[in-house]
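Below is one structure; the comments refer to it alone.
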Amino acid sequence: MEKRKYAYLKPGDIRPEGWLRKQLQLQARGLSGHLDLIWPDIRDSRWIGGDREGWERVPYWLDGFIPLAWLLEDEAL
């Protein structure tokens, strides 16, 4: 039987370390981690109970924010 060249990985099998982890932490402490607190189009969006339109902004932000929080295992995010 031929040995596989590649192994299948499950989510969580690889975690960011070193330089990459530091960059993700900087991103979380910066604008990406706090955009919902400062940008009215996200903070007050109808997606999260507000009255602003900005319908496409929250999903795009969450598309990066949720993986960031998950990769850093940061429950506060």
> Any idea what Rg and Dmax come out to for the chain if you just take the C-alpha atoms, in Å?
Replying inline: 17.0, 61
>> Around V58, under 15 Å between beta carbons, what's the net of Lys plus Arg minus Asp minus Glu among the other residues?
In response: -3
> What residue among H34, I14, G49 has its Cα farthest toward the positive end of the dipole of region 1-51, where the charges are +1 on Lys, Arg and -1 on Asp, Glu, each on the Cβ?
Replying inline: I14
>> At most 10 other C-beta atoms within 10 Å and a DSSP loop state: those are the exposed chymotrypsin sites (Phe, Trp or Tyr not before Pro) I care about. Give me the longest piece of the chain that has none.
In response: 9-77
> Over the chain, what is the mean sequence separation of C-alpha contacts under 8 Å (at least six apart), divided by residue count, expressed as relative contact order in percent?
Replying inline: 26
> In Å², what does the accessible area per residue of the chain work out to with a 1.4 Å probe?
Replying inline: 85
> Can you give the calculated 222 nm mean residue ellipticity of the chain, where each DSSP H run of n ≥ 4 adds -39,500 (n - 2.57) and the sum is split over every residue, rounded to the nearest 500 deg cm²/dmol?
Replying inline: -15000 deg cm²/dmol
>> Just to be sure I understand the model, the point goes 7 Å from the Cα along the line to the Cβ. What's the resulting D41 to R4 distance in nm?
In response: 4.3
> Once phi is turned into θ = phi - 60°, what whole-Hz ³J(HN,Hα) does the Karplus curve with 6.51, -1.76 and 1.60 give for every residue of region 32-37, x standing for Gly and Pro?
Replying inline: 4, x, 10, 4, 5, 8
>> Using a 1.4 Å probe on the protein heavy atoms, what percent of the accessible area of the chain belongs to carbon and sulfur?
In response: 56
>> 5 Å is the cut-off here: which amide hydrogens, built 1.01 Å from N in the peptide plane, fall below it relative to R52, excluding neighbours closer than 5 in sequence?
In response: S45, R46
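The values are calculated or read from the model by the stated rules, or taken from the named source; none is laboratory data. Only a predicted model underlies this, so the values are computations on that prediction, with no experimental measurement involved. Note that we place each Cβ from the backbone using ideal geometry, even for glycine, and neighbour counts take in every protein chain shown. Calculation scope for accessible area: heavy atoms of the full protein, side chains included, ligands and nucleic acids excluded. Shrake-Rupley method; radii C 1.70, N 1.55, O 1.52, S 1.80 Å.
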